[in-house]
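*Asks:* Before I ask anything, let me first share the structure, which is written out below as structure tokens.
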Amino acid sequence: MAQKYIKPNTAAPRPSILGDAKPTVTTPVNFVFGKANYQLLAASIVIVALGFVIMSGNTDIYSNTKIVLAPLVVLAGFGLAFYAILKKPAPNA
């Protein structure tokens, strides 16, 4: 015996008989971080990437640039990211 397909009810909901429909209240979206936090985080990503670019290459792997400067640049980028995460966003005026 074949089953019949029953179309679901897609009609718009009817208003209440009592007329007690409540208006929808929209609340503003509150982000965890402020604009400055995101800018600092983006800058830190660029600094870390720059440190890895300085570290790359195949000429003289024991140069001071690759052993000293590049790791310091990468650590500075991670430090800036840490600061960007912990910085409190400015209150909305």
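*Asks:* How many of the residues making up region 80-93 are surrounded by 14 or more Cβ atoms within 10 Å (Cβ to Cβ) and either assigned to a loop (DSSP other than H, G, I, E, B) or touching a residue at least 60 places away in the same chain (Cβ under 8 Å) (or both)?
*Replies:* Within region 80-93, residues that are surrounded by 14 or more Cβ atoms within 10 Å (Cβ to Cβ) and either assigned to a loop (DSSP other than H, G, I, E, B) or touching a residue at least 60 places away in the same chain (Cβ under 8 Å) (or both) number 2.
*Asks:* Please go through region 49-70 and pick out each residue that is assigned to a helix (DSSP H, G or I) and over 28 Å from Phe33 (Cα atoms).
*Replies:* Val53, Ile54, Met55, Asn64, Thr65, Lys66, Ile67, Val68, Leu69, Ala70
*Asks:* How many of the residues making up region 54-71 are in contact (Cβ under 8 Å) with a residue 12 or more places away in the chain and not β-branched (Val, Ile, Thr)?
*Replies:* Count: 5.
*Asks:* For Gly77, state whether it is surrounded by 10 or more Cβ atoms within 10 Å (Cβ to Cβ), touching a Ser or Thr at 6+ places or on another chain (Cβ under 8 Å), modelled with pLDDT of 95 or more and not charged (D, E, K, R).
*Replies:* It is true that Gly77 is surrounded by 10 or more Cβ atoms within 10 Å (Cβ to Cβ), touching a Ser or Thr at 6+ places or on another chain (Cβ under 8 Å), modelled with pLDDT of 95 or more and not charged (D, E, K, R).
The values are calculated or read from the model by the stated rules, or taken from the named source; none is laboratory data. Predicted, not measured: the structure shown is a model, and the values here were computed from it. Cβ coordinates were reconstructed from backbone atoms using ideal geometry, including for glycine residues, and neighbour counts include every protein chain displayed.
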